[in-house]
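Notes for the one structure printed next.
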């Protein structure tokens, strides 16, 4: 396909959102199609592909986005969807500052286990087929008016006839002409026009409007219903917290007519199904089809929605034609709703609103949820003294794009972000951990378990998978005993790499149905028979752009990291990030950290890294801790000389070297752990 980047330069840009719950026969194949087609159209953004559907948020020129829509309509697995396309009027300054953090500077296509991560056990997970009844923007608006009428009737007892204004007459009353609004079912397919649908509330039950978004979204915009219609804001940090909130507030929802909404509709699918699954008294659940975006299209002045619609792209928020400022500064309380500065809570890393004056005066931010957990006897506004449970990750981007599940989930160590309490409380360090070649986040977590346990009081560790899935090693073998066949038919876990060698190509194999003669990574004997290639890491030169894009997204998704720990190939990647930072080529990058811990590392042979070494002034001044086997240390994977050469890239006055004789591992003996603690203590 011809690349269109040059021909569309200067055209008006836009943002396209859509999702669809549909069975995807081969998510990997569809992900490759998305990646190829969107790259050719110079589109950026985030795409999630799962066995149960797709969720897409992309940006580019309107011409390219229309081409994308037409292609999706023709795709045999997708067809028509509720395509929400909007113009994007943003300056280059706002784009450069915000786009990398929200994952909108590159294209990221992820294959995930499930389209929406709802935070419940699989046995309790609802099905989108049980989702609530979809209402158009007009019908949603009308139901709010009906709820007001029911309240007025009960209070005044002056009339008994409920308002029955049809969608068509309402549009006429609102002087909306012959505008037609399409309806989309819970699976994302186009259904009949809303004007033909009748979604009546049951009896005279009270009406409740439920916002299923996160607190940093509802701060700046929400529905403000008339008197008599209750509004519920769960005030959650992340979408996966919603089931627990629902479980704790069933009495406020039972036997009510529930109007539910979110940004674009996808979060309501699972939330409404979960609520209906509770049985009798929870069946009158209705959701705003197309979310707030569709409502603002129908009611440009905002209607019952006040403030701005928070969005997960470089626009940050979208106002109506009559915007009202609902948000307030975290410190002084002045009306303020601008998130473009990307200020975050110093503890839980959630976005907070801090006005320009207070930004210059305060160094420590504490969101309203963290303040609830604030310890007594501490009035120092610049000292943190909160204890959080299981909210250690940055949560600003996890709502509709849980992008790091297998293959790509993030794992966390430590549940508390603050060391001790009181005025002198110290913040724990956050360290991003990068695994080696043909490994994974979970395997590195296991490899470092002894070390991280001993460092639990100082730091928390975040583990992520690399972007490249490496092929399984397999070959034809002789028929074996029944016991051995059974063992070899076990499906091995996916393994990943930050860079791969040019010759690494393979044919995908479905190990669930492959013959018993296929022998794979599961068999250690087979790997030994294949022999060991001691120079393989020197040929791993391909894939840096995808790796850099993934890491940009990780830093954006999970917020601030104090340091990066890399093992083997992961250490080589961490060192390349130091080189990139020194070069200044990524001045607006979200990748920022104070130190590195390089374990059994080496210098990448990739052209991008070699070019950086040639262009920057050495040594690197980033503080570094180097852990590797000595010359007699029996590290068969990475020889001592290569780890020494990596160490020599860094300023010796800011480096600590810890050698051992234990091979290709990270030691956890007490005396060595103490040296690691001493290194980390300078950053707390």
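Read-outs: derived from the displayed coordinates by stated rules, not from any lab. Predicted model, so just to flag it, every value in this text is computed and none were measured. Every residue, glycine as well, gets a Cβ built from its backbone with ideal geometry; the counts of neighbours run over all protein chains shown.
Within the range 212-323, the ratio Rg/Rh, alpha carbon atoms throughout and Rh by Kirkwood, equals 0.96.
In nm², what is the average projected area of the convex hull enclosing the Cα atoms of the range 574-684? Walk me through the numbers on the way to the answer.
Values: hull surface 29.7 nm².
Answer in nm², one decimal: 7.4.
The simple Förster model, with R0 at 35 Å and r as the Cβ-Cβ distance, assigns residue 254 and residue 114 a FRET efficiency of 0.80. Estimated from the Cβ-Cβ distance and a Förster radius of 22 angstrom, the FRET efficiency linking residue 588 and residue 621 is about 0.60. Here the peptides 67-79, 225-237 are ranked by packing, the mean other Cβ count within 10 Å, and the order with the highest first is 225-237, 67-79.
Measuring between their Cα centroids, the range 336-375 and the range 660-684 lie 34 Å from each other. The value of relative contact order for the range 577-684, using C-alpha pairs under 8 Å at least six residues apart, is 28 percent.
Normalise the Cα radius of gyration of the range 215-270 by 2.2 N^0.38 Å (N = residues in it) and let me know the number. Don't skip to the answer; put the middle values down first.
Working: Rg = 11.7 Å, N = 56, 2.2 N^0.38 = 10.2 Å.
For the range 215-270, the normalised Cα radius of gyration is 1.15.
With contacts defined as alpha carbon pairs under 8 Å and 6 or more residues apart, what's the relative contact order of the range 309-355 in percent? With pairs under 8 Å counted, the relative contact order is 28 percent.
Could you order peptides 540-547, 208-215, 634-641 by the average number of other Cβ atoms within 10 Å of their residues, highest first?
Values: 540-547: 18.5, 208-215: 23.9, 634-641: 16.2.
With the highest mean Cβ count within 10 Å placed first, the list reads 208-215, 540-547, 634-641.
Assuming 0.36 nm per residue, please report the length gained on full extension of the stretch residue 681 to residue 328 beyond their Cα-Cα distance. Let's see the in-between values first.
Numbers: separation 353, 0.36 × 353 = 127.08 nm, distance 3.64 nm.
Contour length minus Cα-Cα distance gives 123.4 nm.
Our estimate of slack between residue 357 and residue 233, defined as 0.36 nm per intervening residue step minus the Cα-Cα distance, is 41.8 nm.
Here the range 622-641 and the range 458-472 have alpha carbon centers that stand 21 Å from each other. So for the range 327-373, Kirkwood radius off the Cα pairs, Stokes-Einstein at 25 °C and 0.890 mPa s: how many µm² s⁻¹? In µm²/s, the coefficient rounds to 232. Modelled spin labels at residue 32 and residue 70, positioned 7 Å past Cα toward Cβ, are 2.6 nm from each other.
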